[in-house]
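Worksheet for the structure shown next.
The values are calculated or read from the model by the stated rules, or taken from the named source; none is laboratory data. Since we're looking at a predicted model, the values are computed, not measured. Here the Cβ positions follow ideal geometry from the backbone for every residue, glycine too, while neighbour counts run over all protein chains shown.
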Amino acid sequence: MGCVGSVNDDMRHNLHELGWNTKLEEAAEKIDSTFIIGRVSRLDRGWSTIKMSASPQQSGTIRVRNIGADVAVGDWVAVTQDLERVEQVLPRYSALIRRASSDAIRAEQHAVAANIDTVFIVHAATNESNQRRVERELVLAFDSGATPVLVLTKNDLSDAPEHIAALRDVARVCGIACHVVSGLTGDGLDELAKYGEGHKSVAVLGASGVGKSTLVNRLVGTTNQQVGEVREGDQRGRHTTVAADLVALPNGGWLIDTPGLRALNLWTSGRGIERAFADIFSLAELCKFRDCKHQDEPGCAVHASIARGELSLERLESMGRLVAEELALEDEQKVRVRLSNRKGMRKLN
Ligand SMILES: Nc1nc2c(ncn2[C@@H]2O[C@H](COP(=O)(O)OP(=O)(O)O)[C@@H](O)[C@H]2O)c(=O)[nH]1
Ligand SMILES: [Mg+2]
Ligand SMILES: [Zn+2]
């Protein structure tokens, strides 16, 4: 295993505590040995906060002028010895990426959290939550490269067992864990904390008001995250900076509480849809025609399952919408690449 820059054993230990792992070693080999490695823990307008693996002042945390357009909380960076400048953002091994604007011309990606091992998809265990949103979040979480986990919180309020059972089913068909917890009573939170063991990083995703900050505070043991902060956009519809924070768990893990995003548009990348709708994809293998669109073809196993009352039509339609959204985005990206080539620009994102 290569040496991580000039990082000695002491510092390496420190890096490990920040969440460093073997997936990052290869990237680190290319980094000039005079740089110090740190991890972005917070982004504010104009400033980035970085937890350093080691710093001359031993302060542990520095603030630098913003690094670049698409840096996310959780990113690993190489900082100059004088701690003045971020030289490099290391390649990510995973990232939650959403589409920043629904504006067709300005399709841009926005990384919500980087280098995460698990994504908590948080919903209320009461019957207000929405299965369609869970599906969308699952696609995003699978696409991130991290492992999604469904968290149903506020179980102290819930008397909706059918609702919980339906969401558990969504988790089961795509093979992920589901935990029913309460941020208020602490019920079930020991199980959640385990995802941070071994200095792992967990991103917390979910709509405003579902109880993310309450969960994070309880898990971390502070009142660091503001509870009840539900603002997402101002009157002009612009996104306000509700900071995502990298916060430490008592067991050494890391949590990233992402701001509650009302509109969660997809940024296509991998096989997220296939994994979030694994049940439909495996049924589709049994359709008579290989290119079955599951509309009104004969021998369609997907519709047979709907007819038997096993699969819901809403779920199939939900997948159809997400597929269409992903295809539309791919088309836009192709147009953008063509335009940029014409202008002689090398890269747009
Ligand atoms: N009864 C109950 N209320 C909760 C629970 N978690 C959060 N809340 C309340 O729900 C509201 C929104 O919580 P918050 O953590 O700010 O949600 P966030 O927007 O997802 O960060 C607040 O009024 C919380 O007190 C819970 O487990 N049980
Ligand atoms: Mg919050
Ligand atoms: Zn079919």
Residues in region 28-47 that are crowded, with 18+ Cβ neighbours inside 10 Å and farther than 20 Å from V202 by Cα total 5
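Yes/no matrix, rows are residues, columns are (1) modelled with pLDDT of 85 or more; (2) of a type in the set (A, V, I, L, M, F, W, C); (3) more than 16 Å from ligand 2 (Cβ to nearest atom):
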position	(1), (2), (3)
V86	yes, yes, yes
R99	no, no, yes
I105	no, yes, yes
A114	yes, yes, yes
H163	yes, no, yes
R172	yes, no, yes
Among the listed residues L266, L246, L215, L261, which satisfies the condition of being under 18 Å from the mean Cα position of the chain (by Cα), more than 9 Å from ligand 1 (Cβ to nearest atom), at pLDDT 75 or above and of a type outside the set (K, R)? L246
Of all residues in region 74-87, which are in a strand (DSSP E or B) and either surrounded by fewer than 18 Cβ atoms within 10 Å (Cβ to Cβ) or without any contact (Cβ under 8 Å) to a residue 24 or more places away in the chain (or both)? E87
In region 203-224, residue nearest to G183 (Cα to Cα) [restricted to those that are hydroxyl-bearing (S, T, Y) and within 9 Å of ligand 2 (Cβ to nearest atom)]: T214
Applying the selection to region 294-325, what residues are of a type in the set (D, E) and either within 10 Å of ligand 3 (Cβ to nearest atom) or assigned by TED's automatic domain parsing to the domain that holds L138 (or both)? D296, E297
Is it fair to say D291 is exposed (fewer than 11 other Cβ atoms within 10 Å of the Cβ), more than 22 Å from L96 (Cα to Cα) and either modelled with pLDDT of 90 or more or assigned by TED's automatic domain parsing to the domain that holds I176 (or both)? yes
